[in-house]
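The values are calculated or read from the model by the stated rules, or taken from the named source; none is laboratory data. In this text, all values refer to a predicted model and were calculated from it rather than measured experimentally. Every residue, glycine as well, gets a Cβ built from its backbone with ideal geometry; the counts of neighbours run over all protein chains shown.
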Amino acid sequence: MMTTLEKHIDYVDVGVKALKARWRVVRRLMIRVADAYPDGSETRAKYLRDAKIMGKWVRGVSWANRDPRFDALQASLARADATLVDGFRALEILEREAQMALFRAGDLDFASDRDPVTKGSAPYSADAQAEEDREIIERIYPPQCRFCERVAADLVSWDTEFCVGFHDDGPAGPGHVLVTFRRHQSDIFAQPAAAQQEMWAIAREAHAGITEERAPDGWEVVVNSGRVVGQTVEHAHMRLIPCYDGDVTEARGETA
């Protein structure tokens with residue numbers, strides 16, 4: 001007889017497979033939208049881009065933590081549950097938007113007899129759950145976020161389950177490193193405790209490597225949370241800036 005924990009593991013395994021199967025259906029619909037619009041159109045480019053980003057996200061969905069410690073295993077399963085909820089909801093949103101895009105393009109032969117702008121028995125309202133929908137989608141591929149684009153392209157130097165680190169493209173000085181979360185969230189304190197721990201783990205590793213390579217005289221370690229303190233990039237991150245005798249030491253502010 002299966003224990004509760006074993007049932008939970010089985011549930012997550014089945015959920016991951018179901019999410020990926022559902023994505024294949026939604027992906028075909030998104031590609032159909034792209035094909036319904038002319039080359040060079042904004043809608044075609046959007047759906048091709050979104051299909052690529054969502055596909056990469058879905059392929060990466062896996063809890064894959066068989067840590068024998070009970071607390072660690074439970075925490076991993078809880079994270080997997082949250083990811084599956086976000087994933088299925090995001091696919092529902094993408095499917096609904098794709099159906100409406102096809103409807104606008106005049107392609108009515110894509111579903112059953114149901115009106116394409118209707119979900120269930122009630123007509124879809126553009127205002128219904130709009131804020132919640134936006135938050136879910138932005139956790140997967142937020143618009144115009146250079147950190148998310150970098151994570152999606154795997155252009156990183158340090159890489160853990162929740163965090164990545166890389167050398168800043170516009171450094172305040174030699175060795176300037178950024179550490180950020182995979183999940184798009186402006187508030188560092190809204191990230192899981194495990195993710196915050198991984199941020200510091202990458203920071204320590206980067207600090208050790210740069211210290212050995214450049215032997216700085218000191219460090220600026222900067223985390224801004226909120227526009228009132230100068231946060232201009234709405235994706236929580238930490239900046240590590242090696243400093244040397246003669247450098248200006250007051251806060252530099254964000255440059256991104």
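Assorted remarks:
- Scanning region 213-231 for residues that are of a type outside the set (A, V, I, L, M, F, W, C) and either under 17 Å from Tyr244 (Cβ atoms) or not assigned by TED's automatic domain parsing to the domain that holds Gln196 (or both) returns Glu213, Arg214, Pro216, Asp217, Gly218, Glu220.
- Hits in region 24-65 - residues which are exposed (fewer than 15 other Cβ atoms within 10 Å of the Cβ), among the acidic types (Asp, Glu) and part of a helix (DSSP H, G or I): Asp35, Glu42
- Hits in region 1-23 (condition: surrounded by 13 or more Cβ atoms within 10 Å (Cβ to Cβ) and out of contact with any Gly (no Cβ under 8 Å at 6 or more places or on another chain)): His8, Ile9, Tyr11, Val12, Asp13, Gly15, Val16, Ala18, Lys20, Arg22
- Flag for Ala21 being part of a helix (DSSP H, G or I), closer than 20 Å to Thr83 by Cβ and modelled with pLDDT under 80: no
- Residues in region 233-256 that are assigned to a loop (DSSP other than H, G, I, E, B) and at pLDDT 85 or above: Val233, Glu234, His235, Ala236, Tyr244, Asp245.
- Matching residues in region 26-60 - criterion: being over 14 Å from Thr83 (Cβ atoms) and without any contact (Cβ under 8 Å) to a residue 12 or more places away in the chain: Arg28, Asp35, Pro38, Asp39, Gly40, Ser41, Glu42, Arg44, Ala45, Lys46, Arg49, Lys52
- Single match in Ile202, Ile188 (criterion: modelled with pLDDT of 95 or more, buried (at least 17 other Cβ atoms within 10 Å of the Cβ) and either among the hydroxyl-bearing types (Ser, Thr, Tyr) or not assigned by TED's automatic domain parsing to the domain that holds Val58 (or both)): Ile202
- Total residues in region 172-207 satisfying the condition of being without any contact (Cβ under 8 Å) to a residue 40 or more places away in the chain and outside any helix (DSSP H, G or I): the figure is 1.
- Scope region 189-215; condition among the aliphatic types (A, V, I, L, M) and under 16 Å from Glu161 (Cα atoms); matching residues: Ala193, Ala194, Ala195, Met199, Ala201, Ile202, Ala203
- From Leu5, Leu94, Leu29, Leu77, residue being over 22 Å from Ala195 (Cβ atoms) and either in the same structural domain as Arg183 (by TED's automatic domain parsing) or modelled with pLDDT under 80 (or both): Leu5
- Where a residue in region 213-224 is over 12 Å from His176 (Cβ atoms) and at pLDDT 95 or above and its partner, wherever it lies, is polar (S, T, N, Q) and not in a strand (DSSP E or B), with Cβ under 8 Å and at least six apart: none
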